[in-house]
Amino acid sequence: MQSNKILLTLKSLKANLTKTEQKIAVYILNNPEEVIYLPIKDIAKHIDIGEGSIVRFCKKIGFTGLQQFKLELAKELSVRALNGLKTNTEEEEKIFNLAENCVSSITNSLKETLDLNSFIKLKNCVAALKEAKKIMIIGVGNSSIIAKDAEDKFLRIGFEATAIDNGQLMLLKAKYLKEKDVILAISNSGNTKIILETLAIAKQNNAKVISITNSLNSRIIGYSDFYLINAKEDNGNIFKNHSVESKVSQLLIIDIISKLLINV
């Protein structure tokens, strides 16, 4: 633990601590100045825990014991005082809460994406990719980043794959797809015109279509032999269709598919 960021680090660690450790962390965060001067028996009495638990806590977070922890905490509070900062500034709280909300939102999106896709869906997509003579991956805008990631992963494990983000080139390449080829379309909205036009051509040539989108109501589903759903963003998100949650959810699907291609 960085000695000049003890309080912020304790906040970030709280969710990963045991109940007893959380009680200690909360007490320190609420009473940092008092902790410096109180003997261990008084701290233990205030928290209603054993003295040994406090020593073990200090060691767990990187200190030799309570005395070193107090010394470093005192230094941090002194620096804050010299800089005119309060122990817990509103700005720090705002930044910490914002970061914590972002992590929580991403975690929830990943869990939701897993829940939305059954093993059978994944197995069918993997089987189609394994049988493919050629894999064409398409995506525009932010989805092109995911398409490039898929291309890189597929190439590394020995599959002939090409990612395309240029609309005209998609249409041209789709004309040469054949029955044993697969086109993997990545579109968060699932309604992008150039993607749908490309898939229509691919279907005419009997190529198999796998899509990754965020809704069963997406038009792309109608062109797909197999589809996978990534979690939707919050409707109130000003970065709708451009959020980290969306990208990470799609990357998770590509990562799972890639690992299944190797192991199944």
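The values are calculated or read from the model by the stated rules, or taken from the named source; none is laboratory data. Note that the structure is a prediction, hence the values are computed from the model and not measured. Counting neighbours? That spans all protein chains shown, and the Cβs are built from the backbone with ideal geometry, glycine included. These accessible areas exclude ligands, DNA and RNA; they are computed on the full protein's heavy atoms, side chains included. Shrake-Rupley method; radii C 1.70, N 1.55, O 1.52, S 1.80 Å.
Brief remarks follow.
- Other-chain or far-sequence residues with amide H under 5 Å of A185's (modelled H): I138, I210, S211, I212
- Annotation for E51 and C102: the two label points, set 7 Å from Cα along the Cα-Cβ direction, are 4.4 nm apart.
- In percent, rounded to a whole number, the relative contact order of the chain is 16, using alpha-carbon pairs under 8 Å and six or more apart.
- Anchor K130: lysines whose Cα lies under 22 Å away (excluding residues fewer than 8 positions away in-chain): K121, K148, K153, K173, K175, K178, K180, K203, K208, K259
- Using the 1.4 Å probe convention, the accessible area of the stretch 34-82 works out to 58 Å² per residue with neighbouring protein chains retained.
- Fraction of accessible area attributable to carbon and sulfur, the chain (%, probe 1.4 Å): 54
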